1. Could you list all residues from region 91-120 that are assigned to a loop (DSSP other than H, G, I, E, B) and either free of Cβ contacts under 8 Å to residues at least 24 places away in the same chain or not hydrophobic (A, V, I, L, M, F, W, C) (or both)?
2. Which residues, counting only those in region 35-46, are surrounded by fewer than 16 Cβ atoms within 10 Å (Cβ to Cβ) and either within 30 Å of K90 (Cβ to Cβ) or not assigned by TED's automatic domain parsing to the domain that holds L114 (or both)?
3. Looking at this structure, is G41 touching a Cys at 6+ places or on another chain (Cβ under 8 Å) and at pLDDT 55 or above?
4. Give the number of residues within region 71-120 that are over 30 Å from F37 (Cβ atoms) and at pLDDT below 90.
Amino acid sequence: MNSMRRPTIGLRPGGGALSNKILPLIGTPMDLNRHQFLFIGLMVLLIGLQFRYVSAYVLNPEATRFLAERTGQATPAYDLFSGASGGARKVLEPPEWVSWCLISVGAVLCLHSLAMPRPS
């Protein structure tokens, strides 16, 4: 039993069966630098602020129909003349915790980017 080795799984060259199969398909892993962390943090922070200040999002009839078809819900009546449903619109009201979560994750990513060493 001791002669059998457990296979190692890693994402580095020569790291195991998984890395030999996946790495040629997706490329080599990339480390995120300071500027990329800052950009991702700012985007998440701004999306969180948008969710905080907008209370509801109203989809247009085409998006409502698309969403109804993909989720399996009852589709609104389709008007053959105008090419859209008869005014049925989906209203999305995200909960308040989503905005606070995005704001906090974005702020942490921004602060993490500032704590990283400068590129040389």
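The values are calculated or read from the model by the stated rules, or taken from the named source; none is laboratory data. In this text, all values refer to a predicted model and were calculated from it rather than measured experimentally. Backbone-built Cβ (ideal geometry, glycine too); neighbour counts: all protein chains shown.
1. E93, P94, P95, P117, R118, P119, S120
2. We begin by selecting, within region 35-46, every residue surrounded by fewer than 16 Cβ atoms within 10 Å (Cβ to Cβ); these are 35-36, 39, 42-43, 46.
Within region 35-46, L42, M43, L46 qualify.
3. yes
4. 20
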